[in-house]
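Here's the structure we're looking at; comments come further down.
The values are calculated or read from the model by the stated rules, or taken from the named source; none is laboratory data. Predicted model only: the values in this text are computed from it and were never measured. Cβ placement follows ideal geometry from the backbone for every residue including glycine, while neighbour counts extend to all protein chains displayed. Just so you know, the surface numbers come from the protein's heavy atoms only, side chains and all, with ligands and any DNA or RNA stripped out. Shrake-Rupley method; radii C 1.70, N 1.55, O 1.52, S 1.80 Å.
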Amino acid sequence: MAPASPARAKERNAPRLAEASPVALYQQVKDHVARRIQDGSWKAGDRLPSENELVLQFGISRMTVNRALRELAEQGRIVRVAGVGSFVAEGKPQSTLLQIANLASEIRQRGHDYRCKVLGVERVAASMEVAAALDLHTGEPVFHALCVHLENGVPVQLEDRYVNPRVVPDFIDQDFAQLQPSEFLVRNVPYDQMEHVVDAVLPTPQQARLLEMEPTQPCLLLMRRTWNRGTPVTLVRCLHPASRYRLGCRIRADGNPVFG
C-alpha cells in the first residue's frame, strides 16, 4: 500500500471541528485558540493566524471565525488591530480581595509606570444611598473624590470615593497630587472592619469615557466599605475594565491569605 502523501498526512493532523458536536463551531474555535495560549504555544504578543487562515484550517465560514475572535477579544484573551491582525494579549494583572490593595505599589512591582489623575475632590450633600452606607443623614455634607488610575498610560481603575467627615475632617485639605486618596486613608485612618462586594456591570457613558473604553464592554465593580470602632469611614466604588484587570485571592484553610 502506497504511503500517504505529505499533504494528506498534514490534512489528517490538522485540527478539525466535530461535525456532530453539541458545542457551537465558534466555541470550538475559541477553545482551540485558548488552549494554544494556555499551553504556551502562543505567547503574549504573538500574532494569531489570520481569519482567512482559520477559515481554511477549520473549513468553516468567516463569520463563525470572526465571532470567535471577537468574543476572545471581549474577554481580554487577544487584542485585534484593524488592518494588522489579532495578537495574544498580555496577562491581566490581579488585585487581592482580602485586603486593601495598594494599586500604585502593585503596578510598580510589575515594572510598569503608575499614574493617578485626581479629577476632583469636593464637599457634597450625601445622597440617600451614600448616607445609608456611611451612617449619615441624607443631605449631610460628605467628601467626594474621583480618580483614574493608569498603568503604562492605560486606565485600569476608576475610583469613586465618599469619605465620612466625622471621621476624617481634614480629608479635603490634603494635596492628593502627592498622595492618592486611598493611600492617605490607609496611612492615617485605622480601620478594623472591611466589606468587599464585586459585581459585573456595564459602565455609564461618562465612566466609559474616563476609562477610554466602549460602553458596551463589561466592567468589574468592587465596592468597599471600611469601619473604625463601628463607625463607617469610607465608601468607594472601584470600576475596572474586565479586559484589563481581574480581582481574586488565595487563602489557607484557616482563612488567612497567602502571599508571595
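Values as computed for the structure displayed
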{"read-out": "Positions within the range 58-83 being charged (D, E, K, R) and either within 15 Å of residue 46 (Cα to Cα) or not assigned by the TED database to the domain that holds residue 44 (or both), in sequence order", "value": "77, 80"}
{"read-out": "Residue selected from the range 97-150 under the condition touching a residue at least 60 places away in the same chain (Cβ under 8 Å), of a type in the set (A, V, I, L, M) and more than 23 Å from residue 174 (Cα to Cα), by the criterion most open to solvent (accessible area, probe 1.4 Å)", "value": "98"}
{"read-out": "Strands (runs of 3 or more DSSP E) wholly inside the range 1-120 that include at least 2 residues being closer than 30 Å to residue 192 by Cα and modelled with pLDDT under 85", "value": "94-96"}
{"read-out": "Boolean, residue 145 is of a type in the set (A, V, I, L, M, F, W, C) and either in contact with a Ser or Thr (Cβ under 7 Å, 6 or more places away or on another chain) or farther than 18 Å from residue 185 by Cβ (or both)", "value": "no"}
